[in-house]
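Written below as structure tokens is the structure these notes are about.
The values are calculated or read from the model by the stated rules, or taken from the named source; none is laboratory data. Model, not experiment: these values are computed from the prediction. Note that we place each Cβ from the backbone using ideal geometry, even for glycine, and neighbour counts take in every protein chain shown.
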Amino acid sequence: MFSVINLMVRRDILLAMRRPQDVMTSLFFFIIVVSLFPLGVSPEMEILRTIGPGVIWVAALLATMLSLGRLFSADHQDGTLEQMILSPQPLALMVLSKCVAHWLLTGIPLVILTPLLGLLLGLAGDEIQTLTLTLLLGTPVLILIGSIGAALTLGVRGGGVLLSLLILPLFVPVLIFGTGAVSSMNAGMGVEAHFSLLGAFLVLSLLLTPWASAAALKISME
Amino acid sequence: MLQILDLECVRGDLLLFSGLNFALESGELLHVKGANGSGKTTLLRTVCGLSHPESGKVLWQGESIWKQGESYRDELTYIGHLNGVKDELTVLENLRIATMLSGEQHSEDQLIDALVKIGLGERIDLPAKMLSQGQRRRVSLARLLLTKSTLWILDEPYTALDVSVIATLQQVIAQHLQCGGMVLLTTHQDVDIEGVVKQLTLSA
């Protein structure tokens, strides 16, 4: 079981290393979207500080959304996906491995960049810390939920837009509790509840979404 | 033994074939013929379990392949129209990952040996994007030299191959049949393989 996870994660990371532009585009998208707000809304620190956590979360969400289309499409086009479905290893496990690799490649860089972008928007140290932790817990949930949509829209023309329409509503709870943690901390109410809920989302999606995505992949291969 | 019982496949609203029956015993090859669009690929994908038939059964050792799942897929090697070759990986990496994906472990020497036999000996460390169409096909067919699975399902295996590789491939298939394997293949060319060769013609 662990050998197939190991194989798939290493394969996807190797592929991404040979084609770094895919990973870089969603990262630059994240940076650019966040840096548009001081220019577009207001350069005033007070305003930026209020909207900062929300802006960073929405940008991270959109950047993740943007990268999800690539989760299965290359394997679909070159026929590797057929071989994955026909492999004696459980498909759900391979889907899970692909999500893990995708998170390491696109989720983790977002989390690492968050403190820098937080400084740009004038967030305080403890706010940045909370925000980074919520993204650390939240981004894998986004990728896992998104994998279902990516599997369903595989091979569909205009699949990217359809993917957004399918998946963005499902991202809302994660977004609410992610940004809620920072405002709750500022209001002096503690952040444990928000972190517990994000943790619960993560555990649930780890357990359930790989099966759903695997089923969706089989349907789109018919 | 592979058995097809009263199989009916449709694509969209179009009936491809119905009432199809055949059985394949160990050591036998079934050559599926038919015009373009007569449903050869659909038949092969259905036997693999990639597509669901409209009605009918596919039995492996007397039991439905849908119920067996992983234990059936363990016995199966499918090579379709798409090669499953990654442009970014080298020839050797491609073969190594493809065999590991099908649950088999082979030493580096075995992998290289298979690539040499199929005529890619000098291109082992080349990225697959530098290969021609026929060479990509060879990378994907190299799996046949290594796999221990019983049932081979090959969709147009000869496409883009040159004469010498076709001869090698036919030897590999003949050897597989001798060892009690089964082969289901489609091709528009003549199959010149020693052993029990059955034919099935699908009419559009």
Practice item. Would you mind telling me which numbered condition in (1) over 29 Å from B:Q105 (Cβ atoms); (2) within 13 Å of chain B (Cβ to nearest Cβ); (3) small (G, A, S) A:G69 fails? Key: (2)
Practice item. Please tell me if A:G122 is under 22 Å from A:D78 (Cβ atoms), of a type outside the set (D, E, K, R) and either assigned to a helix (DSSP H, G or I) or out of contact with any Ser or Thr (no Cβ under 6 Å at 6 or more places or on another chain) (or both). Key: no
Review point. Among the candidates A:T106, A:T153, A:T130, which residue alone is touching a Leu at 6+ places or on another chain (Cβ under 6 Å) and surrounded by 20 or more Cβ atoms within 10 Å (Cβ to Cβ)?
Key: A:T153
Practice item. Working only within the stretch B:1-40, note down all residues that are farther than 19 Å from B:I173 by Cβ and either under 15 Å from the mean Cα position of the chain (by Cα) or hydroxyl-bearing (S, T, Y) (or both). Key: B:S18, B:S38
Point to revise | Identity of the residue in the stretch A:16-56, touching a residue at least 40 places away in the same chain (Cβ under 8 Å) and within 30 Å of A:A92 (Cα to Cα), that ends up farthest from the chain's Cα centre (by Cα) | key: A:A16
**Study point:** Selected residue (only one of A:G160, A:G138, A:G146, A:G125 is within 30 Å of A:P38 (Cα to Cα) and free of Cβ contacts under 8 Å to residues at least 12 places away in the same chain)
**Key:** A:G125
**Study point:** Members of the stretch B:118-137 found to be charged (D, E, K, R) and touching a helix residue (DSSP H, G or I) at 6+ places or on another chain (Cβ under 6 Å), listed by number
**Key:** B:R123
**Study point:** the stretch B:51-66 - residue that is crowded, with 19+ Cβ neighbours inside 10 Å and within 12 Å of another protein chain (Cβ to nearest Cβ) and, of those, farthest from A:M84 (Cα to Cα)
**Key:** B:P53
**Study point:** Residue check, A:V172 farther than 19 Å from A:C99 by Cβ, surrounded by 19 or more Cβ atoms within 10 Å (Cβ to Cβ) and either without any contact (Cβ under 8 Å) to a residue 40 or more places away in the chain or of a type outside the set (K, R) (or both)
**Key:** no
Study note, to complete from the structure: Pairing a residue in the stretch B:90-112 that is farther than 19 Å from B:P127 by Cβ and away from chain A (no Cβ under 12 Å) with any residue that is assigned to a helix (DSSP H, G or I) and modelled with pLDDT of 90 or more, where Cβ atoms lie under 7 Å and the two sit 6 or more apart in sequence or on different chains, gives B:H106/B:T99
Check your understanding: Could you say which residue among B:G69, B:G19, B:G27 is within 14 Å of chain A (Cβ to nearest Cβ), over 30 Å from B:Q133 (Cβ atoms) and surrounded by fewer than 21 Cβ atoms within 10 Å (Cβ to Cβ)?
Key -> B:G69
Study note, to complete from the structure: A careful count of residues in the stretch A:117-127 that are surrounded by fewer than 20 Cβ atoms within 10 Å (Cβ to Cβ) and either of a type outside the set (A, V, I, L, M) or at pLDDT 95 or above (or both) gives 3
Review point. Hey, does the stretch A:10-28 have a residue that's within 13 Å of chain B (Cβ to nearest Cβ), among the charged types (D, E, K, R) and buried (at least 20 other Cβ atoms within 10 Å of the Cβ)?
Key: yes
**Study point:** Where a residue in the stretch A:81-99 is at the interface with another protein chain (Cβ under 7 Å from one of its Cβ atoms) and its partner, wherever it lies, is assigned to a helix (DSSP H, G or I) and of a type in the set (D, E, K, R), with Cβ under 7 Å and at least six apart
**Key:** A:M84/A:D75; A:I85/A:K218; A:L86/B:R73; A:S87/B:R73; A:P88/B:E70; A:P88/B:R73
